[in-house]
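The values are calculated or read from the model by the stated rules, or taken from the named source; none is laboratory data. Being a predicted model, the structure only gives us computed values, none of them experimental. Backbone-built Cβ (ideal geometry, glycine too); neighbour counts: all protein chains shown.
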Amino acid sequence: MGFRRMGCHDLLWIVRLFFLMQLVHVVFSWGKHGHYAVCKIAEGYLTKDATATVKELLPDYANGELASVCSWPDDIKWYYRWYWTSPLHYVDTPSFKCNYNYGRDCYDSSGRRNNCVTGAIFNYTKQLFSAYQGYNPNLKSHYMADVHQPLHVGFTGDLGGSILKVRWYRKKTNLHHVWDTLIIDTAVKTFYGSDLSTMVRAIQRNITDAWSSDISSWNYCRHHKRVCPNQYAAESVRLHVTLRIRMLNQEAS
């Protein structure tokens, strides 16, 4: 696959694509459908030049569609050669520390620093701006969604909600699976005729209409940085804490 060196204009619009992946974090959880929808919505905000550049970066089997490969990092993390990517989907905070701190929290189970979802976003943003030949847009687009899932940023002790047993309607499951898969699957079936495309279009309309006044704040990075995953992680851990408090209150009642 050919690769042309990207100009500043292209780069800025591709970075905007990744900013826009946060637009639907309130609505979507992050299973296969969620990752597809986030990328599909974000693609609609690219210029023609940026779209062409993204297509050049994609593998041939994507047929020019970023959304079709946005769940790929979940598919491959179980393979031996890709084990190293597993810690890049989340960041753990000390149990019952109700805040996020990059220096304290961004390391993997072996103690390797910068090996977490926020570290991955910083790394792949740097690669993008250096026009790195091996840059893979599948990875960053996926991690930008993950950092907005509150069960991917939270307490070490509850394993991202995986050990928290809950009921989703009549189904026994865990809190992480509810957020990763069941919320969106149920919503698509109940409200959108089991058609994910219909749900995507509904959210696109909300971005254009009901949420239009919020878009500038969603795009804003403090200190004029190109990307601000620490800001996103701080928001997610606050949601994580809120979920845990609600669960504790329900258990006590």
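Worth a mention:
- Among residues of segment 86-103, those that are buried (at least 19 other Cβ atoms within 10 Å of the Cβ) and in a helix (DSSP H, G or I), counted: 3
- Residue count for segment 69-85, restricted to those that are assigned to a loop (DSSP other than H, G, I, E, B) and either in contact (Cβ under 8 Å) with a residue 40 or more places away in the chain or more than 19 Å from the chain's Cα centre (by Cα) (or both): 3
- Matching entry among LEU128, LEU159 (being modelled with pLDDT under 90 and surrounded by fewer than 18 Cβ atoms within 10 Å (Cβ to Cβ)): LEU159
- Qualifying residue in segment 79-96 (condition: modelled with pLDDT of 90 or more and closer than 21 Å to TRP211 by Cα): no
- Filtering segment 192-205 to residues that are in a helix (DSSP H, G or I) and surrounded by 15 or more Cβ atoms within 10 Å (Cβ to Cβ) leaves LEU196, MET199, VAL200, ILE203, GLN204.
- TYR61 being over 15 Å from the mean Cα position of the chain (by Cα), among the hydroxyl-bearing types (Ser, Thr, Tyr) and assigned to a helix (DSSP H, G or I): yes
- Every condition in (1) farther than 17 Å from GLY154 by Cα; (2) of a type in the set (Ser, Thr, Tyr); (3) modelled with pLDDT of 95 or more holds for TYR100 except the one numbered (1).
- Set side by side, the residues ASP180, ASP209, ASP185 differ, and just one is of a type in the set (Asp, Glu) and modelled with pLDDT of 90 or more, which is ASP185.
- Number of positions in segment 219-237 that are in contact (Cβ under 8 Å) with a residue 24 or more places away in the chain, outside any loop (DSSP other than H, G, I, E, B) and surrounded by 15 or more Cβ atoms within 10 Å (Cβ to Cβ): 8
- Taking every residue in segment 153-182 that is without any contact (Cβ under 8 Å) to a residue 24 or more places away in the chain and pairing it with any residue that is small (Gly, Ala, Ser), at least 6 positions away or on another chain, the pairs with Cβ-Cβ distances below 7 Å are ASN174/GLY161; ASN174/SER162.
- Given (1) touching a helix residue (DSSP H, G or I) at 6+ places or on another chain (Cβ under 6 Å); (2) without any contact (Cβ under 8 Å) to a residue 60 or more places away in the chain, index of the condition ARG205 fails: (1)
- Whenever a residue of segment 127-152 is among the small types (Gly, Ala, Ser), its partners that are modelled with pLDDT of 90 or more and part of a loop (DSSP other than H, G, I, E, B), lying with C-beta atoms within less than 9 angstrom and at least six residues away or across chains, give the pairs SER141/CYS70; ALA145/CYS70.
- Against the test of being over 13 Å from the mean Cα position of the chain (by Cα), of a type outside the set (Val, Ile, Thr) and crowded, with 21+ Cβ neighbours inside 10 Å, the options HIS148, HIS152, HIS176, HIS142 yield a single qualifying residue, HIS176.
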